[in-house]
1. If each Cα of segment 217-374 is one equal point scatterer, what is log10 of I(q)/I(0) from the Debye formula at q = 0.17, 0.19 Å⁻¹?
2. Determine the sum of side-chain charges near D219: Lys and Arg each +1, Asp and Glu each -1, restricted to other residues whose C-beta is under 14 angstrom from that of D219.
3. Roughly speaking, what is the stretch gain from I55 to L342, that is 0.36 nm per residue apart minus the C-alpha to C-alpha distance, in nm to one decimal?
4. Before I look further, what does segment 164-305 give for accessible area per residue, probe 1.4 Å, in whole square angstrom?
5. Set Lys and Arg Cβ to +1 and Asp and Glu Cβ to -1, take the dipole of the chain about its Cα centre, and tell me which of G259, H44, V368 lies farthest positive.
6. State, as an integer percentage, the relative contact order of the chain based on alpha-carbon contacts under 8 Å between residues 6 or more apart.
7. For the chain, what does the helix formula give at 222 nm: sum of -39500 (n - 2.57) over DSSP H segments with n ≥ 4, over the residue count, nearest 500 deg cm²/dmol?
8. Could you check the simple spin-label distance between S113 and R363, using points 7 Å along Cα→Cβ, in nm with one decimal?
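The values are calculated or read from the model by the stated rules, or taken from the named source; none is laboratory data. Everything numeric here is computed off the predicted structure, so don't read it as measured data. Cβ sites come from the backbone with ideal geometry, for glycine too, and all protein chains shown count toward neighbours. When the accessible area is computed, the model is the full protein with side chains, heavy atoms only, and any ligands, DNA or RNA have been set aside. Shrake-Rupley method; radii C 1.70, N 1.55, O 1.52, S 1.80 Å.
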Amino acid sequence: MGLNEKPLSTLHEKASYDLADFEVPTGREEAWRFTPLSRLKGLHNGKAAPDGQVITQAYTPEGVRAEWVGRDDERIGQAYVPADRVSAQAYTSFEKALVVTVPKEAEVEESISIEVKGRGGEGAAFGHTVVVVEPLAQATVVIQHEGTAVYADNVEFVVGEGATLKVVSLQEWDDDAVHVSHHHAQLAKDATFKGFAVTLGGDLVRLSPSVSYTAPGGDADLAGVYFADAGQHLEHRLLVDHSQPNCKSNVDYRGALQGVDAHAVWIGDVIIRVEAEGTDTYELNRNLILTDGARADSVPNLEILTGEVAGAGHASASGRLDDEHIFYLQARGIPYDEARRLVVKGFLGQLIEKIQIEEIRERVLNAVEAELSR
């Protein structure tokens with residue numbers, strides 16, 4: 001398939017399976033201006049040798065099928081077309097893809113677990129995952145990333161008519177890891193998708209969640225928390241493409257930053273196309289800067305091409321700890337460090353509480369506690 005142009009919008013106009021359709025980024029492009037290309041270790045320009053070591057394993061409850069397939073499997077690439085050079089590099093470089101299928105009308109109570117473990121190596125590794133939730137089925141997927149690697153991958157979530165999929169993605173890499181990933185959810189009629197991203201580890205992590213709709217009635221909720229320490233670059237670039245009438249979307253990401261050269265980037269793009277009448281959408285990003293030397297870039301974009309919308313809005317705020325909050329706690333005998341910890345945990349915890357898997361929720365809360373203790 002060749003280059004796919006989207007002339008109705010100024011956002012995300014290009015998509016292609018062909019690596020040659022994307023020029024090597026220089027850092028001056030809008031899509032790459034916040035990303036330190038020198039730290040991508042060759043993922044963006046093809047200089048990364050494909051000999052890195054990453055092991056992916058799937059653990060599925062009874063009735064859910066997981067299989068490794070070749071590049072010629074017809075389910076690969078049906079929901080998502082790569083939209084930047086690293087995504088296209090990952091698409092053209094993986095050898096086997098993991099396909100997980102939840103059968104029609106199945107209500108899977110136990111979580112599906114996908115573990116991605118980096119084992120190092122001199123070069124890069126590439127992956128591809130497809131999760132298919134057939135009509136009227138319900139499932140939860142937990143994707144865990146850990147270890148050290150230079151890794152680029154694409155993940156497709158295909159949510160069938162009337163189906164519900166909940167996804168928790170954990171980026172808990174070692175301090176030297178580089179990870180560039182695109183997660184795309186395609187929603188059929190009356191489908192529901194809830195995605196939650198937790199990004200804590202890695203030297204550079206660039207995660208791009210996106211949503212598209214194939215029929216009316218789709219409902220997407222994208223949430224995320226991140227905590228950037230000294231020298232870390234954590235980037236989240238979201239796109240919700242409303243091309244069908246009467247669909248909903250809600251985006252809420254929160255981050256905390258501490259240490260010199262801690263850098264968080266959040267880009268939130270929402271497109272409401274001409275045919276997407278009755279759309280109801282809102283996106284929000286908030287950043288808490290805990291120390292000098294940390295930087296948060298937050299850019300919400302909302303492009304509306306029809307006047308017939310149910311609701312559309314966006315907001316972004318970045319700032320330091322509220323002195324009044326700290327004073328209130330200190331006035332009640334709580335030491336400064338503990339007061340600071342309580343405020344940050346409350347700020348991030350409002351979102352973390354949305355994680356419905358108790359084990360994962362407690363794990364994330366403990367990880368935030370550990371970050372605050374550094």
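1. Debye curve over Cα of segment 217-374, log10 I(q)/I(0) at q = 0.17, 0.19 Å⁻¹: -0.99, -1.13.
2. Numbers: positive: K166, K189, K194, K248; negative: E161, D190, D221, D280.
With Lys, Arg at +1 and Asp, Glu at -1, the net is 0.
3. Details: separation 287, 0.36 × 287 = 103.32 nm, distance 3.71 nm.
Using 0.36 nm per residue and subtracting the Cα-Cα distance, I get 99.6 nm.
4. Numbers: 3720 Å² over 142 residues.
Here the per-residue accessible area is 26 Å².
5. Result: G259, furthest along the dipole toward the positive end.
6. Once divided by the residue count of the chain, the mean separation gives 10 percent.
7. Taken over the chain, the calculation gives -4000 deg cm²/dmol.
8. With each label point 7 Å from Cα toward Cβ, the separation is 0.7 nm.
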